[in-house]
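The values are calculated or read from the model by the stated rules, or taken from the named source; none is laboratory data. The shown structure was predicted, so the numbers you read here are calculated from the model rather than taken from an experiment. All Cβ positions, even for glycine, are placed from backbone atoms using ideal geometry, and neighbour counts span all protein chains on display.
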Amino acid sequence: MAAEPGRLPEGGRIDRSRPLQFRFDGRAYTGFEGDTLASALLANRVRITARSFKYHRPRGVMGAGPEEPATLVELEGDLASGNRPATTVRLTDGLVARSVNAWPSASFDLGAVNQALARFIPAGFYYKTFKWPDWHLYEPSIRKAAGLAGAPRESSNDGYEARHAHTDLLIAGAGPAGLMAALVAGRAGARVMIVDEGAEAGGSLLNRRLSIGDQPAMGWVAAAVAELSAMDNVIHLQNATVWAYREHNLLMVHERSPENSSLSGRSWRVRAGQVITATGAIERMMVFEGNDRPGVMLASAVQAYVNRWAVRSGQRAAVFTNNDSVYAAAADMARAGIDVAAIIDSRDSVPDHARALVPGMEILAGHTVGKVHGRRGLRAVTVAGRRIDCDLLAVSGGWNPAVHLYSQSRSRIVWDERLASFVPGDAAQAVLAAGAANGAMTLGAALAEGAARALAAVAALGRAAAMPALPEAVDTPYTVAPLWTAPGAAAKSFLDVQNDVTVADIELALREGYSNIEHVKRYTTGGMGIDQGKTGNVNIIGAVAERQGKTPGEVGVTTFRPPYTPVDFGAIAGRRAGPVVLPYRHTPLTGWHKDHGAVMYEAGARWRRPGYYPRPGESFQDSVNREARTVREGVGIYDGSPLGKYEVKGRDAGRFLDWIYTNVMSSLTAGNGRYGLMLTDDGMILDDGVSFRLAEDRFLVSTSTGNADAVWQHMEKLLRIERPDWQVRITNVTSQWANATICGPKAREVLAAMGTDIDLAQGAFPFMAFRDGTVADLPTRVVRVSFTGELSFEVNVRPRDLPTLWEAAMEAGRSHGIAPIGSEANHVLRVEKGFLSLGHEVDGTVDPHDLGMGWVMSKKKPDFLGKRSVALRRSAGRPRRELVGIRPLDPDRQIPEGAPLTPGGRKEATEGFVTACVWSVVESRWVGLALLTDGRARIGGRAYVRLPDGIIEVALCPPVFHDPEGERLRS
Amino acid sequence: MLLIDCPFCGKRNESEFVYGGPAMPARPADPSALDDAHWVDHLTVPPNPMGPVEERWWHLRGCGSWLTIRRDTVTHAIAEVRHGG
């Protein structure tokens, strides 16, 4: 097989015995085991690998690691995922990839027309232009044109798992500093996790040609890895990124290729005693006109490609720098056979230790690149009027310690004038930074710091460790003189290559008054790409500082946020996908409901309840009408088990309920109950329900289904925080009592036919009372409450007895035509009665008076929760929205719930909204409830629902359509 | 994911707890004795410092106790955990 044209004949950390086939943008290429997609594309001399986000400018590979700003790819097939930097995609046989923002391909892209329009699309263009009538009208097509990859169509969630781990010391990064730290801590016996994002350990040593002691640096790395792997107390992960540093030393790790081949990823949540960030440093771009042209690359990347992957990124190169690190890179390039035409150094004087690395090479000190030539790829650069032919420009704008994790830990980041970058400052958690991540920019310093930080971490863990003899390591000193923007940098000088943010955009933002760096970031989107501006952010800060006459330290740094590199959603979720995330809650009758054709709903708090039970040939409305009529005219039965139920016990239980309810509960006698409203102290309704007195010191409080947990928390907090001296205990018995509610005029006959020792006579067992006894030979508590407005018996039993009870009721009710009813019919029945429903009539803005329930506000009690606030609000005398009934003048006109009411139906501010609208089986027409400004005074008049498709006139009436005196429910 | 040192259960993940809001000043014994402005302040001005703040947490999926913790909103460092208010 012919080797790739850009591949060196030998060297590199690739396995030449294992050639791999892959496809990119529809074309077939070859590479080797050990390649990344980016190194293989460069080996094949694919220069245009991407189109830019906004202008669709041609772009090539620019970096060699997670900093890559330009080449994002979408993988297809089993590996399907979007927006992966090509530099982090391990090449595998049969890989199929395409560039994300180009159609049909990066090389020939129809969206490239945007380049011609570039000067019309400055920062903020979309915000300013597409705001009328509504951004959302334009958003979909803009997202498509200025885009990234879509989500894969197929769910690939099967291949992920999550692990939780605790460790004494977590080390992020297995470069020289991280490995040295791991050796010291591991030898001391501490539990160590060392986690590195690369395919193999070594960090920057993989990319450079350095020695440690008397051997090549990678020999030292191999020995260190071998020693660590022999330690039982060390977990060493490669291909795993620490992507988030959370509170209290919780770190999130995304392991991409676990050894278990059935997994595509694993998410670790690691709680660490101590953390060392040894995350290295990331090279900055240089900012000059045309700095995004294919062929312009980071010098460290060019160096990595020749040393690690044996790939020449070009044939004739120029180098553009403001610091010393490129001189070693240029020497490596030349050794690999790249013709280095010149080193252009913006500094007036170049240190001798740098010059010594490149004897004979031309150095243009005090110069900058003025112009780049070549539209689809670099052909030459102009420096001080002189044209230098080259197909590769290796640039270095200096180095940024990778402080991302350190900053995520909430620790301080401070400006370092000498390094011209931000470095770790005071720690906010148990975290230490080591090596280049801490500004130790040479190999010897990194090794020494790794050891020293490990000693400190181990000491903090209460262990002793020995300082090892440090091997000798020779490295070039690092000095830098920042050049934030080259002379002439303007509209084609990219600060953020990924998001197409130029020097001109930054200047526009500053002109328009976005002077704070956080505002500059948001307005221009600089640094907000998925690379999070790894190569560009500090340049943006420097460019802003330059223009504001400040130091970058004064401008400050924007917030570093997780994830450090993109993480698959699947990896975050692990096995917690689908119904496992928030499991449904079922009553003992779920199986029965489903067997009888119920359409199941979620009825708040994850309870599954029947919505309705359609019969063959019935429409939805037919079923609901039939079920509602069954209750009004005969007898129905529903599963009321999800209602929240709490036992409130203790000497002060009555006093407590008097405090949290608006009405008096302590006057209840045992065996009786009372409806009540619970307010929060801001005077708004929290919940409604019925409380029963079981005994002198024992109450049973029922709550709405959806609010049960919130009410529990409310009660517990009041007791434990506000009234710790009161003797009250609350027990959640929601799942200890299940119930079947038999309701309708024939309910008493059905209950009697089931067989009971309870006297059901109206006088013996009145409304709002309960009786303990047996029904169908089962121990029960029967409660006379009604949520439907009809005679109703709520028969509570142990959950295991509910199916038996239910079947007994169905059997006993057969001759009366009993039928199960769902929540839809219940909704109709309660609206006809004007019973309120949390989430419909009660939305956190209404008080009891608004609902016409002023009677529930006790005047006897000096204080209860919400009393002061209701009084305060009403004392203002401002008009309130009040509950009314509505009848559309057209009886067949349904009104959507939530529809707004406006004065006269005009296009004006709303004066209320429709809270519910149902087909009433007692009136054979649509009726509804609404909250309307001054509604009660307007009863008898008209109001108007304003909808996009017309105005509906409604007659206002009292909010009760059935049995206003309540005779039926008391019968 | 905070790590909260419950006085009864030891160090537990935040996911075992329910946040109960910032610690507000104790409810006045007789709200009707307060003038309107003070009552509104009591209700609507929760402490929101950049730094230490006291807040309530309910160990719902643990021992069920209500805790008051002092947490630094910048660093999340928890200086104190106590039972009750």
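It is to be established whether one or more residues within region A:220-232 are farther than 20 Å from A:Gly186 by Cα and surrounded by 23 or more Cβ atoms within 10 Å (Cβ to Cβ).
No, region A:220-232 contains no residue that is farther than 20 Å from A:Gly186 by Cα and surrounded by 23 or more Cβ atoms within 10 Å (Cβ to Cβ).
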If you go through region A:555-603, how many residues are in contact (Cβ under 8 Å) with a residue 12 or more places away in the chain, over 30 Å from A:Gly640 (Cβ atoms) and in a helix (DSSP H, G or I)?
5
Single residue of A:Thr788, A:Thr804 found to be crowded, with 21+ Cβ neighbours inside 10 Å, under 46 Å from the mean Cα position of the chain (by Cα) and at negative phi:
A:Thr788
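Report yes if A:Val270 is touching a residue at least 24 places away in the same chain (Cβ under 8 Å), within 14 Å of another protein chain (Cβ to nearest Cβ) and touching a strand residue (DSSP E or B) at 6+ places or on another chain (Cβ under 7 Å), otherwise no. Full working, then the answer.
Details: touching a residue at least 24 places away in the same chain (Cβ under 8 Å): yes; within 14 Å of another protein chain (Cβ to nearest Cβ): yes; touching a strand residue (DSSP E or B) at 6+ places or on another chain (Cβ under 7 Å): yes.
So A:Val270 fits the description; yes.
Quick check on this structure: which one of A:Trp712, A:Trp726 is over 39 Å from the mean Cα position of the chain (by Cα), in the same structural domain as A:Leu657 (by TED's automatic domain parsing), more than 15 Å from A:Thr780 (Cα to Cα) and touching a residue at least 24 places away in the same chain (Cβ under 8 Å)? Quick ask: steps written out before the conclusion?
Values: A:Trp712 fails: over 39 Å from the mean Cα position of the chain (by Cα).
Of A:Trp712, A:Trp726, the one residue that is over 39 Å from the mean Cα position of the chain (by Cα), in the same structural domain as A:Leu657 (by TED's automatic domain parsing), more than 15 Å from A:Thr780 (Cα to Cα) and touching a residue at least 24 places away in the same chain (Cβ under 8 Å) is A:Trp726.
Determine if region A:712-719 includes at least one residue that is aromatic (Phe, Trp, Tyr), modelled with pLDDT of 95 or more, in contact with a strand residue (DSSP E or B) (Cβ under 8 Å, 6 or more places away or on another chain) and not in a strand (DSSP E or B). Walk me through how you get there before you give the answer.
If we filter region A:712-719 for residues that are aromatic (Phe, Trp, Tyr), which is where we start, we get A:712.
Checking the rest, the ones that are also modelled with pLDDT of 95 or more come to A:712.
Next, only the ones that are in contact with a strand residue (DSSP E or B) (Cβ under 8 Å, 6 or more places away or on another chain) stay: A:712.
After this cut, where a residue has to be not in a strand (DSSP E or B) as well, the list is A:712.
Yes: one or more hits.
Considering each residue of region A:872-903, count those that are free of Cβ contacts under 8 Å to residues at least 12 places away in the same chain and not charged (D, E, K, R), and give that number. Steps first, answer last, please.
Just the residues of region A:872-903 that are free of Cβ contacts under 8 Å to residues at least 12 places away in the same chain, to begin with: A:875-878.
Narrowing further to those that are not charged (D, E, K, R): A:875-877.
The total comes to 3.
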Identify the single condition in (1) touching a residue at least 60 places away in the same chain (Cβ under 8 Å); (2) among the charged types (D, E, K, R); (3) in contact with a Ser or Thr (Cβ under 6 Å, 6 or more places away or on another chain) that A:Arg312 does not satisfy, given that it satisfies every other one.
(3)
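May I ask you to list the residues in region B:61-84 that are within 21 Å of A:Asp725 (Cα to Cα) and buried (at least 17 other Cβ atoms within 10 Å of the Cβ)?
First, the residues of region B:61-84 that are within 21 Å of A:Asp725 (Cα to Cα): B:63-69, B:81-84.
Across region B:61-84, the qualifying residues are B:Ser65, B:Trp66, B:Leu67, B:Thr68, B:Ile69.
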Picking from A:Val192, A:Val242, the residue that is more than 30 Å from A:Val326 (Cα to Cα) and away from chain B (no Cβ under 14 Å) would be A:Val192
Going through region B:9-43 in order, the residues found to be hydroxyl-bearing (Ser, Thr, Tyr) and within 8 Å of another protein chain (Cβ to nearest Cβ) are B:Ser32
Can you list residue pairs whose Cβ atoms sit under 8 Å apart, with the first residue in region A:939-967 being touching a residue at least 60 places away in the same chain (Cβ under 8 Å) and among the aromatic types (Phe, Trp, Tyr) and the second being part of a strand (DSSP E or B) and surrounded by 18 or more Cβ atoms within 10 Å (Cβ to Cβ)? Count only pairs 6 or more apart in sequence or on different chains.
A:Phe961/A:Gly885; A:Phe961/A:Ser920; A:Phe961/A:Val927
Considering residues that are assigned to a strand (DSSP E or B), of a type in the set (Val, Ile, Thr) and within 8 Å of chain A (Cβ to nearest Cβ), the number found within region B:60-77 is 1
Check whether at least one residue in region A:714-722 is surrounded by fewer than 16 Cβ atoms within 10 Å (Cβ to Cβ) and more than 10 Å from chain B (Cβ to nearest Cβ), and report yes or no.
no
Quick check, is A:Thr915 surrounded by fewer than 18 Cβ atoms within 10 Å (Cβ to Cβ), hydroxyl-bearing (Ser, Thr, Tyr) and within 38 Å of the chain's Cα centre (by Cα)?
no
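Is at least one residue of region A:799-808 under 21 Å from A:Asn663 (Cβ atoms) and not aromatic (Phe, Trp, Tyr)? Full working, then the answer.
Residues of region A:799-808 that are under 21 Å from A:Asn663 (Cβ atoms), as a first pass: none.
For region A:799-808, residues under 21 Å from A:Asn663 (Cβ atoms) and not aromatic (Phe, Trp, Tyr): absent.
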Restricting to region A:888-907, name every residue that is buried (at least 19 other Cβ atoms within 10 Å of the Cβ) and either among the basic types (Lys, Arg) or farther than 15 Å from A:Pro948 by Cα (or both).
A:Pro888
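Might you let me know whether region A:452-459 holds any residue that is closer than 24 Å to A:Arg187 by Cα, without any contact (Cβ under 8 Å) to a residue 12 or more places away in the chain, surrounded by fewer than 24 Cβ atoms within 10 Å (Cβ to Cβ) and aliphatic (A, V, I, L, M)?
Within region A:452-459, the first condition is being closer than 24 Å to A:Arg187 by Cα, and the residues that meet it are A:452-459.
With without any contact (Cβ under 8 Å) to a residue 12 or more places away in the chain added as a condition, the list becomes A:459.
From the residues that got through so far, the ones that are surrounded by fewer than 24 Cβ atoms within 10 Å (Cβ to Cβ) too are A:459.
Now restrict to residues that are aliphatic (A, V, I, L, M): A:459.
Checked region A:452-459: at least one residue is closer than 24 Å to A:Arg187 by Cα, without any contact (Cβ under 8 Å) to a residue 12 or more places away in the chain, surrounded by fewer than 24 Cβ atoms within 10 Å (Cβ to Cβ) and aliphatic (A, V, I, L, M).
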Can you spot a residue in region A:243-256 that is assigned to a loop (DSSP other than H, G, I, E, B) and either of a type in the set (A, V, I, L, M) or in the same structural domain as A:His373 (by TED's automatic domain parsing) (or both)?
no
Hey, can you tell me all the residues within region A:245-267 that are within 14 Å of chain B (Cβ to nearest Cβ) and over 16 Å from A:Ala174 (Cβ atoms)?
A:Tyr245, A:Arg246, A:Glu247, A:His248, A:Asn249, A:Leu250, A:Met252, A:Ser267
Being surrounded by 24 or more Cβ atoms within 10 Å (Cβ to Cβ), more than 19 Å from A:Thr535 (Cβ to Cβ) and β-branched (Val, Ile, Thr) is the filter here, so list the residues in region A:366-413 that pass it.
A:Val381
Only residues that are within 12 Å of chain A (Cβ to nearest Cβ) and either within 12 Å of the chain's Cα centre (by Cα) or not in a loop (DSSP other than H, G, I, E, B) (or both): list them for region B:48-58, please.
B:Glu54, B:Glu55, B:Arg56, B:Trp57, B:Trp58
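Residues are listed down the side, and each one gets a yes or a no for (1) surrounded by fewer than 23 Cβ atoms within 10 Å (Cβ to Cβ); (2) farther than 30 Å from A:Gly763 by Cα; (3) within 14 Å of chain B (Cβ to nearest Cβ):
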site	(1), (2), (3)
A:Asn625	yes, yes, no
A:Asp652	yes, yes, no
A:Asp682	yes, yes, yes
A:Ile685	no, yes, no
A:Asp697	yes, no, no
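For region A:175-187, indicate whether the set of residues that are under 29 Å from the mean Cα position of the chain (by Cα) and not in a loop (DSSP other than H, G, I, E, B) is non-empty.
Keep residues of region A:175-187 that are under 29 Å from the mean Cα position of the chain (by Cα), which gives none.
No, there is no match, as no residue in region A:175-187 is under 29 Å from the mean Cα position of the chain (by Cα) and not in a loop (DSSP other than H, G, I, E, B).
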Members of region A:518-531 that are under 16 Å from A:Arg561 (Cβ atoms) and either buried (at least 23 other Cβ atoms within 10 Å of the Cβ) or at pLDDT 95 or above (or both)
A:Lys521, A:Gly526, A:Gly527, A:Asp531
Can you find even one residue in region A:241-255 that is at positive phi and of a type in the set (A, V, I, L, M, F, W, C)?
no
Residues (closer than 22 Å to A:Asp709 by Cβ and out of contact with any helix residue (DSSP H, G or I) (no Cβ under 9 Å at 6 or more places or on another chain)) located in region B:14-45
B:Ser15, B:Glu16, B:Phe17, B:Tyr19, B:Pro22
